[in-house]
Amino acid sequence: MSNKKLSAVEHIKQKSRGLRGTLTESLSDEITGSIREDDQSVIKFHGMYQQDDRDRRAERAVKKLDRLYSFMVRLRLPGGLLSPQQWIACNHIAGQHATGVIKITSRQTIQLHGIIKSGIKPTLQSFNEAGLDSIAACGDVNRNVLCSTHPRQSALHSEIFAYADKISELLKPKTRAYYEIWLDEEKIADRSEEDPLYEDRYLPRKFKIAIAIPPNNDVDVFANDIGLIAVIENNKLQGFNIAVGGGLSTTHGNPDTYARLATVIGFTATEAETLKAVYEVLTIQRDYGNRSDRKLARLKYTVDQMGIAAFREELEKRTGFVLQPARPYQLTERTDYYGWEQDHRGLWYYTVFVEHGRVTDEADLPLQSGLLEVAATGKANFRFTCSQNLVLSDIGDKDKAEIHSILQRYGIIRHTEASSAARRNSMACVALPTCPLALAEAQRYLPALIGKVEPLLQKYQLIDQPISIRMTGCPNGCARSYVAEIGFVGTGPGRYNLHLGGDRQGLRLNRIYKTNLNEAEILHELDLLLEHYSGNRLAGETFGDFYHRTLPTS
């Protein structure tokens, strides 16, 4: 592709000097809280976004003040696991440099918001002291690698879980820019930074990978560019079915964009084959992905343009081996196991409901303080789920009572158990006020909307139904609304498209039912929909399956 057709971001990447850009100069500019325009693209590769408080834009504009700029920092945390000491460190860093809130994301990591420019470096240095980093947590590279959260899933969980870190390390950029800029590593002239994977172009767009352990599709494996599905037979890991081309982001008014679930293309039997296949899928996307239109730059468009057969043939040519036929598998649920569970080793796990991933202290729920006290015992690890919840994990039998007592004293058990099934199965992206792409509220609004939906569920005796309800403030799909039974996609302030018909397992996309609804219209439609479902469903039929069956297809 000729350079004149490249998007502006492609030029920025190529001239960034290994993702260094002019970040050092931007950081030393005390006149503004912002960084230079090109650096706003470069800094994403270091795991952060520049944002501003959109609630205060108008007020500051009237006063002729610069926007209230800050930065969001996201950790690279393959599989979403922190030690208690690391949780304590994150808690302190959040209080010292950010808003104080720890945000669990839909990709099994945490991010901190509200960090001012001068606070970025001390934040990253503090993370480094805790053995954590934010390298490649954003940007046109492979991002945080997901893996099924709960060790009760399989006796082989730890073996499969290890793949998340192996893949993350394999696909990590080779540049030392992060270490030089943020950790003051000395630049060594003769150190090679040759990167055979990313070269100087990196990928055309972000790249996401997830590992699922059947029967639970808690990672939404088919919503990722690459999905690996563990195949276990006779208590032994046989390998992985590999799926390619998933991705949910769309653009309102652009029919060329669409949500797509990944397609299973074959099976890899060994670790070496699996890692090689994953690596070479990225090289195909690097070489064939669209670099002129970022809206059409995800792997799903590359796969569809090439065709599945041609894509698999190219992959086999690059790997040097033929993919085996896909092995049978079953994904029968997509859930977090709330409350206490025990694994095959006798260790205990408590899954805490964290509404939309916001760990903070509220008047009626001092969640952050309670979790900090749990961490201070040193007797529980912290695992994040892809539904923005938290598993206190690996707790010995003799320590369970102590952890239970803390959770009970802080009201965490009461909160988890008292929340309705629909609330516990809801998910929302951050959206306003910090996300620059947001068209409507999500995280700040969905809890209140659920509170108005719950009486409708009670009215039709459906309050115990775990209907999945997900909301995004724009069509980019960060909360994976397109694979929910009820999906809301923001179109403008206070308005959403209503999507229906996804399944409980995450194996089917929903579709638009009504567009551009306000709250009154949403509640009216849901009242009618729930009444119709309650009176006409088949035995055992879920809400999503019912409307997939009964709604017209066009």
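The values are calculated or read from the model by the stated rules, or taken from the named source; none is laboratory data. Everything quoted here is computed from the prediction, not taken from an experiment. Methodologically, a virtual Cβ is constructed for each residue, glycine included, from the backbone with ideal geometry; neighbour enumeration extends over all protein chains shown.
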Inset, instruction - Restricting attention to the range 232-257, report how many residues are closer than 20 Å to residue 490 by Cβ, touching a Phe, Trp or Tyr at 6+ places or on another chain (Cβ under 9 Å) and not polar (S, T, N, Q). - result: 2
Legend entry - Single unsatisfied condition, residue 344 versus (1) surrounded by fewer than 17 Cβ atoms within 10 Å (Cβ to Cβ); (2) at positive phi: (2)
Inset, instruction - Within the range 43-65, track down each residue that is assigned to a loop (DSSP other than H, G, I, E, B), surrounded by fewer than 23 Cβ atoms within 10 Å (Cβ to Cβ) and touching a Leu at 6+ places or on another chain (Cβ under 8 Å). - result: 53
Inset, instruction - Kindly provide the set of residues from the range 49-65 that are out of contact with any Lys or Arg (no Cβ under 7 Å at 6 or more places or on another chain) and either β-branched (Val, Ile, Thr) or closer than 30 Å to residue 16 by Cβ (or both), ordered by number. - result: 49, 50, 51, 53, 54, 62
Legend entry - Filtered residues of the range 231-282 (kept if charged (D, E, K, R), part of a strand (DSSP E or B) and closer than 30 Å to residue 440 by Cβ): 260
Inset, instruction - Residue by residue through the range 66-90, note down the ones that are under 20 Å from residue 117 (Cα atoms) and in a loop (DSSP other than H, G, I, E, B). - result: 66, 67, 68, 75
Inset, instruction - Just give me the residues in the range 348-380 being surrounded by 20 or more Cβ atoms within 10 Å (Cβ to Cβ), in contact with a Ser or Thr (Cβ under 9 Å, 6 or more places away or on another chain) and in a strand (DSSP E or B), in sequence order. - result: 348, 349, 350, 351, 352
Legend entry - Residue satisfying condition, being modelled with pLDDT of 95 or more and within 22 Å of residue 253 (Cβ to Cβ), within set 494, 502: 494
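In this structure, is residue 27 more than 28 Å from residue 439 (Cβ to Cβ) and aliphatic (A, V, I, L, M)?
yes
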Inset, instruction - Enumerate the pairs (first residue in the range 526-542 and under 22 Å from residue 487 (Cβ atoms); second residue anywhere and surrounded by fewer than 14 Cβ atoms within 10 Å (Cβ to Cβ)) with beta-carbon separation below 7 Å, excluding pairs fewer than 6 apart on the same chain, so at least 6 apart or on different chains. - result: 534/461
Legend entry - Criterion (touching a helix residue (DSSP H, G or I) at 6+ places or on another chain (Cβ under 8 Å) and farther than 12 Å from residue 426 by Cβ) met by exactly one of 489, 453: 489
Legend entry - Which numbered condition residue 150 misses (of (1) more than 24 Å from residue 279 (Cα to Cα); (2) crowded, with 19+ Cβ neighbours inside 10 Å; (3) more than 17 Å from the chain's Cα centre (by Cα); (4) not hydroxyl-bearing (Ser, Thr, Tyr)): (3)
